[in-house]
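No value in this document is a laboratory result; all are computed from the given coordinates. This is a predicted model, so every value here is computed, not measured. Please note: Cβ atoms are built from the backbone with ideal geometry, for glycine as well, and neighbour counts cover all protein chains shown.
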Amino acid sequence: MPIGEFGRPPALPSETSPALTTPMYWMYEMAYASLNPARAMTDATRMLFQNPLNPFSQTEFGKSVTAGCELFERTTRRYGKPEWGLHDTDVNGVRTPIEIRSVWEKPFCRLLYFDRKHPRPLRAPQPRVLIVAPMSGHYATLLRGTVEAFLPTHEVYITDWSDARQVPLAAGRFDLEDYIDYVIEMFHVLGGNVHVLAVCQPAVPVLAAVSVMEAENDPYVPLSMTLMGGPIDTRRNPTAVNNLAAEKGMDWFRNNVITKVPFPHPGIMRDVYPGFLQLTGFISMNRDRHVEAHKKLFENLVKGDGDLVDKHREFYDEYLAVMDLTAEYYLQTVDTVFVKHALPKGEMTHRGKLVDPSKVVNVALMTVEGENDDISGLGQTEATHMLCSSIPDDRRVHYVQKGVGHYGVFNGSRFKSEIVPRVSDFMLSAANIRHRAAAAE
């Protein structure tokens, strides 16, 4: 079975239907370019009214003009990929610098390693964990808090998925099966003795990858698999997101959200689900909240409340940074996970072979859900335990975190204080059981 193969040709027009002629991305680029003169004028106005030599700079009028200029700039800006901003961590009571470097790379993903430069050797090696970030619109930096929480006690790796508009068409396609191949190849690169943690969307391809590897007796299967807020079986307690896919059907998605990357991006003419369209969907789900947040930003800028302004900027600099997804990956994921429910029905295939989670025997399983999750409803991730029927009971755990929604499953104070310790203990237990079993053989 070829892993991470790029020899296949790009999608043919018939594969994504008439939406390939949809000009919405090109219109978006023209609209963005047309705002450049207004943005330049706004920047000049803001500099004028921020100048301390301007007598109006300290008046309410001047502050209101400056605040209005920042609001215009922020709502018309294209947000780039955020920085990780993780420079050091605390390891055994010692502040330790971090070097972030790529240890494996393919056109659609890099595997990043957060290399902790210990000033002195550790008493014992710490668990290695591969965090598989969602490829669902936002960059991997959305899991900055997840990485930060594990760094003091784990060697951390994370998938850094590429923005499809930055990948030349010559690199070929990338679909759900390629995603699974990538995950398998990462396990091979890491050489075993690693735990995997999948956050939300990648729960399905990670489970599929582990199932394929177990079926083939692959020696590089992970020690444990932790799935957090993932859509394993969206028939359970379906949410509005799940229902949308079932109601619209695949033809609607092909005809309404797929378009071609325009010039001047490196991925010109690649078929994608564009980030700006995804962002429109994100915002429309909580439109009133976002409008109110920007009203508060204006008020806090005028009042000079720097702390609240910085919190707003920090959140929205991440939230508004979005990436394009390849059309074939997006459509195949929607069809497989949300429309056909292929994995829980036992109908999902990979490279022509059935994906059978019951083959998973050696990998310990932990599932984590949020009590108030409105993206992946309660029970959707827990369904993994029924599918992985061959895992012994003493090597499986299910945990529901009270009082948190989807985001709280992998970030925030309760994640750090209640979820991370449980996941860490589970990983240590799984490693000990596996090592004892290997020693007994």
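Key figures
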item	result
Phi to ³J(HN,Hα) by Karplus 6.51 cos²θ - 1.76 cosθ + 1.60 over the range 175-183, Hz, x for Gly, Pro	10, 4, 5, 5, 4, 4, 4, 4, 4
Net lengthening on full extension, Asp88/Lys345 (0.36 nm per residue, minus Cα-Cα)	88.0 nm
Surrounding net charge for Ser413, when Lys and Arg each add one and Asp and Glu each subtract one, Cβ distance under 14 Å	+1
Where only C-alpha atoms are counted, convex hull volume of the range 371-441 per residue in Å³	89 Å³
Over the range 319-426, equivalent-ellipsoid semi-axes from the Cα gyration tensor in Å	25, 22, 12
Tail fraction, Cα-Cα pairs, the range 104-252, threshold 27 Å, whole percent	28 percent
Exposed-site-free run, longest, the chain (rule: trypsin sites (Lys or Arg not before Pro); DSSP loop; at most 16 other C-beta within 10 Å)	124-234
FRET efficiency, 1/(1 + (r/R0)^6) with R0 41 Å, evaluated for Leu244 and Ser64 via beta carbons	0.55
Listed residues Val337, Val167, Val322, most fluctuating in the chain (Gaussian network, C-alpha, under 10 Å)	Val167
Size-normalised alpha-carbon gyration radius of the chain, reference 2.2 N^0.38 Å	1.04
Computed Kirkwood radius, in angstrom, where 1/r is averaged over Cα pairs of the range 184-329	19.1 Å
Charge sum, other residues only, whose C-beta stays under 14 Å from Glu318's C-beta, Lys/Arg counted +1 and Asp/Glu -1	+1
Rg ratio (alpha-carbon, reference 2.2 N^0.38 Å) - the range 71-157	1.28
Label-point separation, Tyr220 to Ser34 (7 Å along Cα→Cβ), nm	5.1 nm
Cα gyration tensor, the range 134-221 - rounded (a/c under 1.5), prolate or oblate	oblate
Amide H partners (placed H, <5 Å) of Leu197, local residues excluded	Leu130, Ile131, Val132, Thr226
Top of Glu83, Glu155, Glu382 by mean-square fluctuation, Gaussian network on the chain, Cα under 10 Å	Glu83
